[in-house]
Structure formats: structure tokens, C-alpha cells
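No lab work stands behind these numbers, since they all come straight from the coordinates. All of these numbers come straight from a predicted model, not from anything done at the bench. Here the Cβ positions follow ideal geometry from the backbone for every residue, glycine too, while neighbour counts run over all protein chains shown.
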Amino acid sequence: MITDEKIIEMFFERSEQSIRELDNKYGKICYALSHNIVGNRQDAEECVNDAYLGAWNAIPPVNPAPL
């Protein structure tokens, strides 16, 4: 599995692959958490997508540690 540091590096390169790798690594847990909060599949998926967009907009300039 790809490291968090590599995912962050891909964000800094503005590679769309960074979102796919982020989803591969953390997607299931993010979805489960959001589904437990909102109780609806579609809303949970939208929450996860919003989180990915937030990461895309924040990295760079922020270099999060940990991801």
C-alpha cells in the first residue's frame, strides 16, 4: 500500500491519482464514519467526496502530518 507521504507528494504534484490513492487507503473508513453520522448511503458518499475536495484544495500549500 502507498504511504501517506507519497500521497501528499502526489497532491503537491496536482496528480488526480492522489485522490484515487487516498480513496484506496482511507475510503472505507471515511465512508463508514460518515454513514454512521448521516445514516444515508448517498449523503455519506457526498460527505466523503466533500472531504476529498477539501484535501485537494488544502494540499498544497498545507503539508499535513499526519495525512
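Numbers at a glance
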quantity: Helix 17-38 vs. the chain, principal-axis angle (Cα, 0 to 90°, nearest 10); calculated: 30 degrees
quantity: Selection of trypsin sites (Lys or Arg not before Pro), the range 9-38, meeting DSSP coil and at most 14 other Cβ within 10 Å; calculated: Arg14
quantity: Degrees separating the helix 41-58 axis from the principal Cα axis of the chain, which is the longest one; calculated: 20 degrees
quantity: Simple Cβ-charge dipole of the range 16-58, Lys/Arg +1 and Asp/Glu -1, about Cα centre, in debye nearest 20; calculated: 180 debye
